[in-house]
Amino acid sequence: PVSCGDPYGTHLDLGTKGILNRKNAPGVFRDNESKHDISVAGAGQSLNLQNESPWPQHPDSTLPPFKQFHHQGDAGVDLSCMAKARRQLTAHGYPDAGAVVVTDEDGRRSLLEHFWRGNYNQPMLDFFDSQL
């Protein structure tokens, strides 16, 4: 599966409009621990995970590896949320195939950095090819 969300560590707050304010974006996602909008810098830097939703148990099964793609300047989903998802996935036995994190020298955050980037294409194709 390809996803940008963390279904175990976030929840949708329908009472708050997001920065996009679109009909198909009915609210904002909040981190279950920090309660911050996941676009806020550091939103996913929770030390305890007591509010995580329960993860499914997979006894005696081989779990698929995962690979993450992110831009450090993503103003839609903070990099700390990606790190939290990685920590949780590996804690539950999913093999980490490494992350592709794009960096820019200016260090500014922008919603434009949330969208798919061309330099993700080949690493993603290589990842899927390695799973055959």
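The values are calculated or read from the model by the stated rules, or taken from the named source; none is laboratory data. No experiment lies behind these values; they were computed from the predicted model shown. Virtual Cβ from ideal backbone geometry, glycine too; neighbours counted across all protein chains shown. Just the protein is used for accessible areas: all its heavy atoms, side chains included, with ligands, DNA and RNA removed. Shrake-Rupley method; radii C 1.70, N 1.55, O 1.52, S 1.80 Å.
Observations on the model:
- Where only DSSP H runs of four or more residues are counted, the chain gives -5500 deg cm²/dmol as its mean residue ellipticity at 222 nm, each run worth -39500 (n - 2.57).
- Across the chain, C-alpha contacts under 8 Å between residues 6 or more apart give a mean separation that, scaled by the residue count, equals a relative contact order of 21 percent.
- The structure-derived value of P(r) over Cα pairs in 5 Å bins from 0, in percent appears in the list (1) 2, 10, 18, 21, 20, 16, 10, 3, 1, 0; (2) 2, 10, 20, 23, 19, 12, 7, 4, 2, 1, 0; (3) 2, 10, 21, 24, 23, 14, 6, 1 under the label (1).
- 3J(HN,Hα) along the stretch 30-41, derived from phi through the Karplus expression 6.51 cos²θ - 1.76 cosθ + 1.60 where θ = phi - 60°, amounts to 10, 5, 5, 8, 7, 6, 7, 4, 5, 7, 6, 4 Hz, with x in place of Gly and Pro.
- In this view, the solvent-accessible surface of THR103, computed with a 1.4 Å probe and all protein chains in place, comes to about 90 Å².
- Label point at ASP13 placed 7 Å out along Cα→Cβ; residues across the stretch 68-102 whose backbone nitrogen lies under 16 Å: 76-78, 81
- Mean-square fluctuations from a GNM of the chain, with a 10 angstrom spring cutoff on Cα atoms, peak among PRO56, PRO95, PRO26 at PRO56.
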